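J.: Handing you a structure now.
What follows is calculated from the coordinates using simple rules that are stated; it is not laboratory data. As the structure is a prediction and not an experimental result, all values here were calculated from the model. Ideal geometry is used to build each Cβ from the backbone, glycine not excepted, and the neighbour counts take in all protein chains shown.
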Amino acid sequence: MTNVISITRTLRKPARRLKRLPKLTAPRLRLNGLCPYYTMFPLQFPFRTLNCAKPGQWVLDPFCGRGTTILAARLRGLPSVGIDSNPVAAAIAASKLAQVRATEVASLAEDILDDRQPGPVPNCPRGDFWTLCYAPETLREICRVRNYLLHSCATRVEVALRGTMLGILHGPLNKGEPTYISNQMPRSYSTKPGPAVRFWKKNDMEPMRVDVLDAVRRRAEFSFADVPPSSLGKIVTGDSRTFDLKKLSARYSWVITSPPYYGMRTYFPDHWLRNWFVGGPANVDYRADEQVSHQSEEQFISDLALVWKRTAEVCVPGAKFVCRFGALPSRTKDPQTLFMRTLAEAGCGWRVTTIRKAETSQKGRRQCDQFGTGNNKPVEEIDVYAVLET
Ligand SMILES: C[S@@+](CC[C@H](N)C(=O)[O-])C[C@H]1O[C@@H](n2cnc3c(N)ncnc32)[C@H](O)[C@@H]1O
């Protein structure tokens with residue numbers, strides 16, 4: 001499935017560039033935390049990398065995840081393109097480009113909840129995942145918004161509402177007004193139905209009725225309080241190995257990216273509930289065919305090589321390539337050796353200038369930290385810098 005969302009207008013004059021990144025809690029940066037996603041890199045990383053970018057230079061992220069590179073480019077006033085084969089990632093990334101006010105997002109939600117026909121509610125016998133995850137009226141409201149957005153999600157406000165819904169769809173219970181609309185669940189990944197039901201039953205947890213409109217309004221007021229000036233951008237839901245980048249007719253000066261770490265293959269199942277919201281099935285989706293393959297080391301290397309080759313074809317001579325890469329502890333592979341093999345196989349002019357260890361957790365959480373469980377120590381992540389030679 002390929003879908004291109006372009007939600008920004010052409011600007012008469014370039015957006016004002018932000019020179020230094022404010023604190024991550026500053027209203028200007030809250031959009032960054034609209035919805036969590038696995039293995040996102042810290043905003044400082046692409047932002048700092050783009051320090052010496054010139055106005056008008058295009059930025060590409062062929063594995064854009066939740067759009068951290070895209071937001072960094074926007075903060076720098078630069079046009080960008082992001083591609084991700086996970087529709088959840090692409091939906092979150094698209095909302096990083098939206099130029100909206102919180103009131104617009106809340107008004108759209110209100111209109112939908114007032115007027116629209118109810119969407120199909122997942123088949124839910126009492127005591128199953130759906131009846132324990134959401135109170136009945138909350139689930140009906142979620143389905144109404146979902147149904148609307150599945151039919152129409154092209155405007156900046158619709159895209160922002162979808163990102164907001166993904167952000168509140170599940171997460172921990174909190175004191176005071178609820179931040180999330182589900183029963184107790186982690187925010188960064190969706191628990192699988194079996195373990196979730198067992199947990200709720202064991203702890204005697206019934207879902208609370210949460211008013212979806214109130215929750216949307218609160219999240220929108222927080223995340224869209226002070227969005228950065230808009231810049232040109234496109235998000236593609238697609239496979240970077242096959243998507244024809246030439247169709248977008250941009251020439252890129254920067255590729256800033258982070259492919260799936262070697263061994264990481266659960267982007268779809270770990271986001272199955274958010275994936276349902278954006279149109280996927282009402283159960284865990286174990287598909288991985290649109291993801292860079294982990295069937296074998298050779299396959300993984302040639303898949304990445306293909307993406308590097310395709311990106312080089314649409315970059316200007318001298319373009320910069322910056323990539324954060326790692327491997328899961330279970331794979332006992334050296335990320336640097338693996339990565340160099342991907343570039344060698346691509347053989348397309350990316351010349352490595354520097355390889356350094358990714359910043360440590362003191363400076364910002366490393367992507368791999370979350371996988372360092374039990375006796376498995378997280379594998380070092382590396383940052384690879386290369387330049388395109390013709
Ligand atoms: C390490 S994450 C990127 C995270 C991103 N840097 C961020 O800050 O959110 C890697 C991403 O690559 C995506 N991906 C895997 N295979 C892909 C493919 N063939 N084409 C496009 N995206 C793919 C995954 O869905 C995942 O979102």
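J.: Past the 22 Å Cα-Cα mark, which pairs from Lys246/Lys320; Lys246/Lys357; Lys246/Lys309; Lys54/Lys357; Lys54/Lys234?
T.: Lys246/Lys357; Lys54/Lys357
J.: Connecting C-alpha atoms closer than 10 Å in a GNM of the chain, tell me which of Thr25, Thr68, Thr342 has the biggest fluctuation.
T.: Among Thr25, Thr68, Thr342, the largest GNM mean-square fluctuation belongs to Thr25.
J.: Rounded to the nearest 20 Debye, what is the dipole magnitude of the chain about its Cα centre when Lys and Arg each give +1 and Asp and Glu each give -1 at the C-beta?
T.: That gives the chain a dipole magnitude of about 1400 debye.
J.: What nm distance separates the two modelled labels at Lys192 and Glu221, each placed 7 Å from Cα along Cα→Cβ?
T.: Reported label-point gap for Lys192 and Glu221 is 4.0 nm.
J.: Provide Glu104, Glu206, Glu141 in ascending order of the number of other Cβ atoms located within 10 Å of each residue's Cβ, fewest first.
T.: Result, fewest neighbours first: Glu206, Glu104, Glu141.
J.: With labels modelled as points extended 7 Å from the Cα through the Cβ direction, what inter-label distance (nm, one decimal) is found for Asn123 paired with Arg356?
T.: Each label point is offset 7 Å from its Cα along the Cβ direction, giving 5.6 nm.
J.: Here is a follow-up. Connecting C-alpha atoms closer than 10 Å in a GNM of the chain, tell me which of Asp334, Asp239, Asp204 has the biggest fluctuation.
T.: So, out of Asp334, Asp239, Asp204, the one fluctuating most is Asp204.
J.: Let me have the 222 nm mean residue ellipticity of the chain computed from DSSP H runs of 4+ only, each contributing -39500 (n - 2.57), with the sum over all residues rounded to the nearest 500.
T.: Taken over the chain, the calculation gives -10000 deg cm²/dmol.
J.: While we're here: For the chain, compute the orientation-averaged projected area of the C-alpha convex hull (one quarter of its surface), in nm².
T.: Here the figure is 18.8 nm², rounded to one decimal.
J.: Rank the residues Ser188, Ser240, Ser95 as a footprinting-exposure proxy: fewest other Cβ atoms within 10 Å of their Cβ go first.
T.: Lowest count first: Ser188, Ser240, Ser95.
J.: Using DSSP to call loops (not H, G, I, E or B), can you name the trypsin sites (Lys or Arg not before Pro) in the stretch 150-187 whose Cβ has at most 10 other Cβ atoms within 10 angstrom?
T.: Lys175
J.: Sticking with this structure for a sec: Using amide H atoms built 1.01 Å from N in the peptide plane, name the residues 5+ places from Gly233, or on other chains, whose amide H lies under 5 Å from its own.
T.: Ile7, Thr8, Ser80
J.: I've got another one for you. Give, in nm to one decimal, the length gained when the segment between Glu380 and Arg140 is fully stretched (0.36 nm per residue of separation minus the Cα-Cα distance).
T.: Using 0.36 nm per residue and subtracting the Cα-Cα distance, I get 81.9 nm.
J.: Given charges of +1 on the Cβ of Lys and Arg and -1 on the Cβ of Asp and Glu, with all other atoms neutral, how large is the dipole of the stretch 102-223 about its Cα centre, in debye to the nearest 20?
T.: 620
J.: Classify the stretch 102-223 as rounded, prolate or oblate, taking a ≥ b ≥ c as the square roots of the eigenvalues of its Cα gyration tensor: rounded when a/c is under 1.5, otherwise prolate if a/b is larger than b/c and oblate if not.
T.: Prolate is the answer for the stretch 102-223, as a/c is 1.5 or above and a/b outweighs b/c.
J.: I need the calculated FRET efficiency for the pair Asp334 and Val387, taking r as the beta carbon distance and R₀ as 22 Å, to the nearest 0.05.
T.: 0.40
J.: Which of Asn203, Ala288, Tyr261 sits closest to the plus end of the dipole of the chain, meaning its Cα is farthest towards the positive end, when Lys and Arg get +1 and Asp and Glu get -1 on the C-beta?
T.: Of the options given, the answer is Tyr261.
J.: Here is a follow-up. Please get the size of the charge dipole for the stretch 193-314, origin at its Cα centre, with Cβ charges of +1 on Lys and Arg and -1 on Asp and Glu, quoted in debye to the nearest 20.
T.: 180
J.: Counting DSSP beta bridges with both partners in the chain, what percentage is antiparallel, nearest 5?
T.: 45
J.: Here's another thing I want to ask about it. Take the Cβ-Cβ distance between His151 and Lys202 as r, set R0 to 51 Å, and report the resulting FRET efficiency rounded to the nearest 0.05.
T.: 0.85
J.: Computed FRET efficiency, Cβ-Cβ of Arg48 and Ala344, R0 22 Å: what is it to the nearest 0.05?
T.: 0.20
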